[in-house]
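Worksheet: the structure to be examined is printed underneath.
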Amino acid sequence: MKLSKKSMTVLSFTLGACLFVSTAFADTLLGSGYDRLKDSAKNTATLMEKDLKNYTVEALYSLKDNDQTLLQASTFAKMDTVNQLSEENTVTKTAKGETTSSYSYSDKKLSVRKSGMDNTYYVTEYPADVNRKGPAEFSNPFKENGAAEIEKIVDAVVGSLKDYVQVEEGTDGGKVYSGSLSEAQVPAVVNAVSSFGIKQMLHDERDLPKIESDIFVKKVVGTAVENKAGYLENVTGDITLSGKDKNGVQHDLSLNVIVKLSEVGNTKIAMPDLTSAKVEKVSYSGGFSSKYVGTYKNDIIMDKDGKFEKIGERTVVITSVEGDKVTGKYSETVYPGFESEYPNKDAFNFEYNPATSSTFTYTDAKGEQKNGTIHPNSAGKVYFEMNIEVIDKNSWKSSSLKPYYDGEFRRIFE
């Protein structure tokens, strides 16, 4: 199972809001722990952006439905902001027991990536004049578009409870923030925010249970450790969100997250030794080459009456890859009888040039100009993302997706 960026954003926001509120009923030890925790999070982000020089981040998370594991994932990332080096290992395990892994290394001149059982290392070399974002640049979430508005929403949800956050002195001169809430202690306003967030998250995720009613926060437990240098080095959170699907079946959706920041100033990153490895060089035009010219498709699938049903197809045709430029077209076909479920069928041509922009523009079925992007996914596959929000010339983020959207396309071989 693969969660969309939209789903992880909503789920993370819900967890974060509840984590702040979860400490609201604890005893007061050092004044407003809520404000202290928020300031510590902001300070940590600022330091990671430019002052920590090098560090290691380890993130672990698992998602369960009624004690059945849907997804387990771990990421081990090293960053060197001075020399602009980065290295990352990711492992993901699905409910079916399928495990996938990926490795990447990047510096100012080149990037290296390897996926799963594929023994090939794909190496991309970048000319000095390419307008490329630094591989170890940290994007401060508190400075992104809309961050201030989200902070105000969280503050409003917490309200006057912020004066009761638990914070204790740590053994090494730092601070420890902690708290927990049971079902009976969760304020109604938090349940309202969570209910909205869950419905938005699950709307387009066919791999997750469709919780539609009686949604509430069942349990929240969270801790955050701030060291004496003033930044967070360990954050954990457990949240259980409960609700019923359209058949009245009760689901407890539990998310566990652990994030550790370590080896500050002591993180070493070295380019992998590829002397005896199988290496394939790819163009810096998003990793595309002429071998990607062809037709790619995936199914439009909806959940109807407790069953998955194919209601149409999406098609991406890459017509040419010349230098940095990738040219092609996108279209959607919906089967008769399902027009009301998928009323706006997109069809457009696109021209993507990663040397000049991280996205391309297109006109959707409503006549509105939108942004999209495309990049190789794995052997014989591409990932095509639509309706995204451009932050600046080097970065973008997912916006609301089309119904039942899946961005992974598989090559069609005639």
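Key figures
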{"item": "Checking D245 against (1) more than 22 Å from the chain's Cα centre (by Cα); (2) not assigned by TED's automatic domain parsing to the domain that holds D172, the condition it does not meet", "result": "(2)"}
{"item": "Filter result (more than 17 Å from N377 (Cβ to Cβ) and either in a strand (DSSP E or B) or at pLDDT 90 or above (or both)) within the stretch 85-98", "result": "L85, S86, E87, N89, V91, K93"}
{"item": "Residue list for the stretch 328-340, restricted to those being more than 19 Å from G407 (Cβ to Cβ) and surrounded by 14 or more Cβ atoms within 10 Å (Cβ to Cβ)", "result": "Y335, F338"}
{"item": "Output for the stretch 103-114, where each listed residue is aliphatic (A, V, I, L, M) and surrounded by fewer than 17 Cβ atoms within 10 Å (Cβ to Cβ)", "result": "L110"}
{"item": "Residue tally, condition buried (at least 16 other Cβ atoms within 10 Å of the Cβ), more than 16 Å from the chain's Cα centre (by Cα) and modelled with pLDDT under 90, over the stretch 66-80", "result": "1"}
{"item": "Qualifying residue in the stretch 142-164 (condition: out of contact with any Phe, Trp or Tyr (no Cβ under 9 Å at 6 or more places or on another chain), farther than 30 Å from R113 by Cα, among the polar types (S, T, N, Q) and at pLDDT below 60)", "result": "yes"}
{"item": "Residue ID - surrounded by the fewest Cβ atoms within 10 Å (Cβ to Cβ), chosen from residues in the stretch 362-402 that are modelled with pLDDT under 85 and among the charged types (D, E, K, R)", "result": "D392"}
{"item": "Filter result for K53 (at positive phi, among the basic types (K, R) and modelled with pLDDT of 80 or more)", "result": "yes"}
{"item": "Some residue of the stretch 345-360 being hydroxyl-bearing (S, T, Y), in contact (Cβ under 8 Å) with a residue 60 or more places away in the chain and under 16 Å from Y405 (Cβ atoms)", "result": "no"}
{"item": "Single unsatisfied condition, V279 versus (1) in the same structural domain as M117 (by TED's automatic domain parsing); (2) out of contact with any Cys (no Cβ under 8 Å at 6 or more places or on another chain); (3) in contact (Cβ under 8 Å) with a residue 24 or more places away in the chain", "result": "(1)"}
{"item": "Residue in the stretch 90-110 that is among the hydroxyl-bearing types (S, T, Y) and in contact with a Gly (Cβ under 6 Å, 6 or more places away or on another chain) present", "result": "yes"}
{"item": "In the stretch 226-259, the residues that are at pLDDT 85 or above, buried (at least 19 other Cβ atoms within 10 Å of the Cβ), over 28 Å from D406 (Cα atoms) and touching a Gly at 6+ places or on another chain (Cβ under 7 Å)", "result": "E226"}
{"item": "Criterion violated by R113 - all others in (1) more than 21 Å from the chain's Cα centre (by Cα); (2) part of a strand (DSSP E or B); (3) of a type in the set (K, R) satisfied", "result": "(1)"}
{"item": "Subset of the stretch 92-102 (residues that are surrounded by 16 or more Cβ atoms within 10 Å (Cβ to Cβ) and within 21 Å of Y121 (Cβ to Cβ))", "result": "T92, S102"}
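The values are calculated or read from the model by the stated rules, or taken from the named source; none is laboratory data. All values reported here derive from a predicted model rather than from experimental measurement. So basically every Cβ, Gly included, is an ideal-geometry build from the backbone, and we count neighbours across all protein chains shown.
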